[in-house]
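Before any comments, here is the structure.
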Amino acid sequence: MKRLKVIAFAAATLLCCISLSAKPKVRIVATGGTIAGVSSSSSSSAYTAGQVGIQTLIDAVPQILDLADVSGEQLVNIGSQDMNDEVWLKLAKRVNQLLEEEDYDAVVITHGTDTMEETAYFLNLTVKSDKPVIMAGSMRPSTAISADGPANLYNAVAAAVSPACEGMGVLCCMNNQLLDAKTVIKTHTIDCDTFEGGPSGIIGYVYNGEAHMLQRPMNKHTTESVFDVSGLDKLPQVGIVYGYANASALPMKAFVDAKFDGIVLAGVGDGNFYKDVFEVAVEAQQKGIQIVRSSRCPTGPTCLNSEVDDAKYHFVASLDLNPQKARVLLMLALTRTHDWEKIQEYFMEY
Ligand code: GLU
């Protein structure tokens, strides 16, 4: 009897040690981008994005295996200029599956930087988990001198295993910084230091393999979001019309004729229309095509009922969202309602 007790105690101790030493399980979902880009020379500018597979990316940074039990999968391998609704739906569903059903502790997504901010915001509204979801990319291809991909991937895995990144929504990890999905913007076409968090700045940083948070996201996301893509195989069609002096109304008319569900204006100043474009927007709204006013200005909100009487025309103001993120929210909003006041509420909440 005594011997049995000793064996049971030893077995329990061993199990305890194993579980204490078990590393967090992190899945890397690769989608392509410059981080997987290859050049025939050591050039940073002439290359093709989305060439190298996930295992090559993992093998290039063996240090991530010290941080976590890392495995990877290739969802697509594209330059993020080719990102589309179909891949977004597939990605959101896969991330939810990995975190809920397959019990991964965190997901890292490798992605091109061109549309990273849109994918981050889409996932921020459609992932149903508090577990860390970290996006990483690079500005230089894997073959370039001083490629930034390996450090970004290492930092992303470090953030993914950090309890500080739980409940923060989807984060982008670039250039040692953590940026939140709602505010992150790509600001420079080619520099490594391209991502900024707008007026609120970065949300945290990664240093020496550890994530440090400076603030929390201000808007609803992930587990608080009402948007659910689990039953969707397509999204409403929403286009963006750019504003400029003497603007042509043709792009707006084209979206109306093609029966798009919504149109976002990347307006001048505080979301203002050129007069010819305004006329078409009023007609579009009367036909049930939701107009959202946003701005081509890089900073500052698009305010409700400012120079444009939104209440009169039933337009929605994008507030703090830039046109490309306003498009994401409008697409998701239109999966639930066509009531412009409810859609405006979503823009206030998310
Ligand atoms: N067009 C590429 C992409 O977005 C280049 C940008 C990058 O990944 O840095 O995939």
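The values are calculated or read from the model by the stated rules, or taken from the named source; none is laboratory data. Nothing here was measured: the structure is a model prediction, and the numbers come from that model. Don't worry about glycine lacking a Cβ; one is built from the backbone with ideal geometry, like all the others, and counts go over all protein chains shown. Side chains are part of the model used for accessible areas, which takes the heavy atoms of the whole protein and leaves out ligands, DNA and RNA. Shrake-Rupley method; radii C 1.70, N 1.55, O 1.52, S 1.80 Å.
If I ask for residues that are open to solvent by 50 Å² or more (accessible area, probe 1.4 Å) and assigned to a helix (DSSP H, G or I), which ones from region 314-339 would you list?
Within region 314-339, just Q324 meets the criteria.
Scanning region 111-129 for residues that are away from the ligand (no atom under 15 Å from the Cβ) and of a type in the set (S, T, Y), we see that the one that is nearest to N152 (Cα to Cα) is Y121. Does region 124-134 include one or more residues that are out of contact with any strand residue (DSSP E or B) (no Cβ under 8 Å at 6 or more places or on another chain) and either part of a strand (DSSP E or B) or crowded, with 24+ Cβ neighbours inside 10 Å (or both)? Looking for residues that are out of contact with any strand residue (DSSP E or B) (no Cβ under 8 Å at 6 or more places or on another chain) and either part of a strand (DSSP E or B) or crowded, with 24+ Cβ neighbours inside 10 Å (or both), one finds at least one in region 124-134, hence yes.
So that you can scan it fast, the table gives a plain yes or no per residue for (1) modelled with pLDDT of 95 or more; (2) within 13 Å of the ligand (Cβ to nearest atom); (3) part of a loop (DSSP other than H, G, I, E, B):
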position: I7; (1), (2), (3): no, no, no
position: L14; (1), (2), (3): no, no, no
position: C17; (1), (2), (3): no, no, no
position: A30; (1), (2), (3): yes, yes, no
position: I35; (1), (2), (3): no, yes, no
position: T56; (1), (2), (3): no, no, no
position: E73; (1), (2), (3): yes, no, no
position: E86; (1), (2), (3): yes, no, no
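Looking only at residues that are crowded, with 20+ Cβ neighbours inside 10 Å and free of Cβ contacts under 8 Å to residues at least 60 places away in the same chain in region 81-118, which one is nearest to L329 (Cα to Cα)? Among those residues, the one meeting the criterion is M83.
Residues checked against (1) open to solvent by 60 Å² or more (accessible area, probe 1.4 Å); (2) within 17 Å of G137 (Cα to Cα); (3) in contact with a Pro (Cβ under 6 Å, 6 or more places away or on another chain); (4) modelled with pLDDT of 95 or more:
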site	(1), (2), (3), (4)
L179	no, yes, no, yes
E196	yes, yes, no, yes
P199	yes, no, no, no
V206	no, yes, no, yes
L235	no, no, no, yes
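Taking region 88-110 as the range and being out of contact with any helix residue (DSSP H, G or I) (no Cβ under 9 Å at 6 or more places or on another chain), in a helix (DSSP H, G or I) and either over 25 Å from Y154 (Cβ atoms) or among the aromatic types (F, W, Y) (or both) as the test, the residues that pass are K90, Q97, E100.
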